[in-house]
Amino acid sequence: MFSFYDQRIPADVTSARHFDSWWKKARHAEPDLLTFTPAQLRSPAADQVSPEDYPDSWRGLPLSYEFAPGEVDDGVSVDVPLTALNQASGDELGWQVPGLREELVTELIRSLPKHLRTAFVPAPDTARAVLAKLGQPQGNLLDALGAELSRLGGVPVGRDAWDLSKIPAHLRVTFRVVDSGQVIASGKDLPALRRELRPKLQAALTEAASGITRTGLRTWDFDSLPRVFSSGQVRAFPALVDTGNAADIRLFDTQAQAEESMWRGSRRLLLIAVPSGAGGVAKRLPGRVKLAMSRHPYASTAALLDDCAACAADQVIADFGGPAWDAAGFERLREKARLELPAGTARVVSDVAQTLTAAQEAAAGLDAATSPVLAPAVADIRRQFSALVYPGFVSQTGAGRLPDLTRYLRAISQRLAKVPESPGRDAERMATVHRVTDALQQRLAGLPPGSSRRPDAQAVRWLIEELRVSLFAQTLGTHGPVSERRILTAIDHL
């Protein structure tokens, strides 16, 4: 217990930091002058704080607290072992510890643009009301908070509305990555830390799972591949990786990454095991079709045919219910491919020939549209065309949608034929397309990286192509009803 007298504090001690420095010296020099009882140190508001508000750990990871305004570690820090970095949830920790959550939400509301912020004043009262509705942390705080504020204020609050640069540093959790007892990196941006440390993380995971990872596979010569690998604090997701002429087994940070890679790796082993017959199909094509197939965006005709075979293999895997994860399953998949892959490849090659014929007609129309009056429409069509026909478009489009792709390209030719008659009408319709396209891009910008590949996002992308058909080439017809309102509703649901 220390004794303390106010008159002994020097006049130049005017801040908490100065007091801290003076106190450390004074308590060694004159310990009898620095005596406090716990009751004297306790603030009147201390009874409102409980230990649960400031926990010592999160999911087994230690939490620490630092009052150091302006310093890197100011606020809450969590120590994450390197081998557990891919499992740490930025979404959960983004809610902050309970003791700081209300202050965080208050500052987030204050960070909104003025035209939104005015609907939620005073910010502290709104924060308390919103948190009472949100309950326990679940999902991403910004998404949950935006949805509840939108309901409360009657104005939409999207992910891009928040200005995180205005949030005080102590309200954002600091992640300290630890390896062999040493902090090797720290920061408040968890995805950035993962990117920075990916090589070290992969090396650590590979070392821990040396009995699982493989290279240069050309057959399925192992029993099964576990969906999850765990060893101590190491948790990763094994999957096959397509390396061009073989497959590897590697570990991935997330299940979604592993599943995406597993599909492509399984496809590679399937194409090694079962001849697709693409080359033979191409040789038997009529001369005019061969000519159409010779004009493509791929590096070579062989690359185009390989992509046709990959597209057909994808359809076989999809009909099978997805990639196999064990030897018996892959054998059943191989047998299915032996029966269906050659015919499927022939259908894909035939559809691609029609697609490339329509693409050449559209390209010729674009080259002929040289009038300055048509420049806005031509620029829009060129962007559309490049998003439809590119190296790899066959497997990316998928066997089931190749006929639709041909229809979209024919719609381009019809639009080019009509636009000289009424450039103004074309511009009005183009503005409709741009509104939904911009809305989709804005929505995707507020979602995690890679969200554009999600099935629901891809569905919206193709709906926009159907909208183009309905606006510029109605005679070709669309797959189901389509309108600007329907598409905007689908975007809202992403």
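Could you check how many residues of segment 98-110 are touching a Leu at 6+ places or on another chain (Cβ under 7 Å) and either free of Cβ contacts under 8 Å to residues at least 40 places away in the same chain or not in a helix (DSSP H, G or I) (or both)? Lay out the reasoning, then the answer.
Taking segment 98-110 first, the residues touching a Leu at 6+ places or on another chain (Cβ under 7 Å) are 100-105, 107-108.
After this cut, where a residue has to be either free of Cβ contacts under 8 Å to residues at least 40 places away in the same chain or not in a helix (DSSP H, G or I) (or both) as well, the list is 101-102.
Residues in segment 98-110 being touching a Leu at 6+ places or on another chain (Cβ under 7 Å) and either free of Cβ contacts under 8 Å to residues at least 40 places away in the same chain or not in a helix (DSSP H, G or I) (or both): 2 in total.
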Review point. Only one residue in Leu467, Leu471 is within 22 Å of Thr406 (Cα to Cα), in contact with a Lys or Arg (Cβ under 7 Å, 6 or more places away or on another chain), in a helix (DSSP H, G or I) and of a type outside the set (S, T, N, Q), so which one is that?
Key: Leu471
Practice item. Could you tell me whether any residue of segment 295-313 is under 30 Å from Leu201 (Cβ atoms), surrounded by fewer than 19 Cβ atoms within 10 Å (Cβ to Cβ) and not small (Gly, Ala, Ser)? Key: no
Review point. If you scan segment 435-494, which residues turn out to be polar (S, T, N, Q), under 18 Å from Gln384 (Cβ atoms) and within 17 Å of the chain's Cα centre (by Cα)?
Key: Gln441, Ser452, Gln458
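Residue under question is Gly146, and the condition is that it be surrounded by fewer than 16 Cβ atoms within 10 Å (Cβ to Cβ) and either within 20 Å of the chain's Cα centre (by Cα) or in a strand (DSSP E or B) (or both); does it hold? Walk me through it before giving the result.
Working: surrounded by fewer than 16 Cβ atoms within 10 Å (Cβ to Cβ): no; either within 20 Å of the chain's Cα centre (by Cα) or in a strand (DSSP E or B) (or both): yes.
Considered against the rule, which asks whether it is surrounded by fewer than 16 Cβ atoms within 10 Å (Cβ to Cβ) and either within 20 Å of the chain's Cα centre (by Cα) or in a strand (DSSP E or B) (or both), Gly146 comes out as no.
Criterion first (surrounded by fewer than 22 Cβ atoms within 10 Å (Cβ to Cβ) and under 23 Å from Pro238 (Cα atoms)) does Asp326 satisfy it?
yes
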Check your understanding: Would segment 82-90 turn up any residue that is farther than 28 Å from Pro51 by Cβ, in contact (Cβ under 8 Å) with a residue 60 or more places away in the chain and either hydroxyl-bearing (Ser, Thr, Tyr) or in contact with a His (Cβ under 7 Å, 6 or more places away or on another chain) (or both)?
Key -> yes
Practice item. Could you please give the count of residues in segment 227-246 that are outside any strand (DSSP E or B) and at pLDDT 85 or above? Key: 6
Revision key, fill the gap. Counting only residues that are touching a helix residue (DSSP H, G or I) at 6+ places or on another chain (Cβ under 7 Å), at pLDDT 95 or above and assigned to a strand (DSSP E or B), segment 247-264 contains a total of 1
Exercise for review: Exactly one condition in (1) loosely packed, with under 13 Cβ neighbours inside 10 Å; (2) out of contact with any Asp or Glu (no Cβ under 7 Å at 6 or more places or on another chain) is not met by Ala445; state its number.
Suggested key: (2)
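The values are calculated or read from the model by the stated rules, or taken from the named source; none is laboratory data. What you are looking at is a predicted structure, and each value in this text was computed from that prediction instead of being measured. Glycine also receives a Cβ, built like all others from the backbone with ideal geometry; neighbour counts cover every protein chain displayed.
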